[in-house]
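Student: Submitted below is the structure of interest, expressed as structure tokens.
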Amino acid sequence: MTIRPLHFQDFDFPHCMTPWRAPNGTLTQRWVPYGMPRFRPQVAFVTFYLYRRNPRSGDVEGPCGTGVCVVVPSAISNAIPHAYGVTSHHVIQAGASIIRINKRARVMQGKSSILTVTTKFVEFEPHEWQFLPGGDDIAAVDVTDSIGHEDDLLSGVYESDFAHLGFIEESKLTLGEDVFMIGLFTGNPGKQFNHVAVRFGNISQLAHQSHPVLQGNGALRASHIVDMHSRPGFSGSPVFVYRTPWNDLTAIDETGSFFPKLDARHNAFIKLLGIHSGQFIERIDAKRIETIRPNEPIRDGDTLAVQSSMAIVVPSWTILELLNMQHFRDQRAAREKTQRKQNAPKMRPEAAIAEPADANPSHKEDFTALLGEAVQSQKQGD
């Protein structure tokens, strides 16, 4: 399996040299990140598109929504981790259960071959996706044995990268924090490969059990609210929250000087805030007659429903709740049982000396180097 974890460095923040005071009081210079992220290719590959099969024609249709790859480490040291596709439950309810991911491929150009980026479909039936009845607007499917092969361009989000309740309290995450989401722009989804779009905003409200919100699947659940425009296709998109040392004004000391704190736990991080579920609907009154289509005028006094810029985000900790359901625990246990057998020491009959199985029998090439080559060889545009 080749699923690369995301790193803070993948978001390629601009940096500047700034004075920095060490805990012992020593003054020096440090290279500090600031501003907005500038995404490296690996970031886009954390997402996938979702398609559905037409029940009449049998054709694959879409794309209809977005999903994100989430990784759970194996209980066996150095074993293949467990990978899951996670999206909005209402996207799966609409029949969009087929995953499309990016992959690298070599194509002939004249007498030589070049490395390029294309896609592949991994088909799942809607009933294979799991959700918690009456729970949040998320669904997941185990994709460990279906994706993550050598040519698949895929990044994964680990639990350590979740903005869970403990992290929110420790980092004092609050209103106004910077967020972005990565997902499907249906107006230009990409033909040759998944061509994702990114939207930016800020936290407007943090999820609270006492103030639930109606999510996209109709469930009334605690949800984050972010001030960020969206549109159909972004459902299921991962929403990340980030902070850099330059955003932390508590680093101003008693003299008025600014010495940024380089503490990844508090002010130099990117975390998965949650999964995009939908938009609040604004209801406005029409003020003048405007014909949209023949015989369907808008008249004074009519009420229109339009999407607002307030997006509903299912908190990331609910993903852990979903992946901890018995169905997934049984799958992980069965896979790890097989891994233990495969990794068990083998005895030489003539010497009775145990030899551990090779942890990397194929000696795979470096993922990042190959990805860079693929992206550089790719022609711009769809």
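The values are calculated or read from the model by the stated rules, or taken from the named source; none is laboratory data. Please read all numbers here as calculations on a predicted model, not as lab measurements. We place every Cβ from the backbone using ideal geometry, glycine too, and count neighbours over all the protein chains shown. Quick note on the areas: whole protein, heavy atoms, side chains included, nothing else; ligands and nucleic acids left out. Shrake-Rupley method; radii C 1.70, N 1.55, O 1.52, S 1.80 Å.
Student: Of Tyr242, Tyr34, which has the most accessible area and how do the rest follow, probe 1.4 Å?
Tutor: These residues rank, largest area first, as Tyr34, Tyr242.
Student: To continue, here is another question. Roll a 1.4 Å probe over the protein heavy atoms and report the accessible area of Glu128 in Å², nearest 10.
Tutor: So the heavy atoms of Glu128 present about 80 Å² to solvent.
Student: With a 1.4 Å probe and every protein chain left in place, tell me how much accessible area Phe131 has, in Å² to the nearest 10.
Tutor: For Phe131, solvent-accessible area is about 80 Å².
Student: Quick one: if the Förster radius is 56 Å, what FRET efficiency do Phe280 and Asn343 give, using the C-beta to C-beta distance and rounding to 0.05?
Tutor: 0.65
Student: Considering the dipole of region 99-159 built from charges on the beta carbon (Lys and Arg +1, Asp and Glu -1) around the Cα centre, which of Pro133, Gln109, Phe121 is farthest to its positive end?
Tutor: Among Pro133, Gln109, Phe121, the one farthest towards the positive end of the dipole of region 99-159 is Gln109.
Student: Over 20 Å between Cα atoms, which of Lys103/Lys337; Lys172/Lys271; Lys103/Lys191 qualify?
Tutor: Lys103/Lys337
Student: Then there is this: Keeping all protein chains in position, work out how much accessible area Asp227 exposes to a 1.4 Å probe, and write it in Å² to the nearest 10.
Tutor: Only protein atoms counted, so the area is about 80 Å².
Student: Continuing with this model, one more query. Label Ala334 and Lys261 with points 7 Å out from Cα along Cα→Cβ: what is the distance between them in nm?
Tutor: With each label placed 7 Å out from Cα toward Cβ, I get 4.8 nm.
Student: Also, quick follow-up: In nm, to one decimal, how far is the Leu27 label point from the Ala75 one, both placed 7 Å along Cα→Cβ?
Tutor: Output for this residue pair reads 5.5 nm.
Student: Starting from 0.36 nm per residue, how many nanometres of slack lie between Ser113 and Phe8 once their C-alpha separation is accounted for?
Tutor: 34.5 nm
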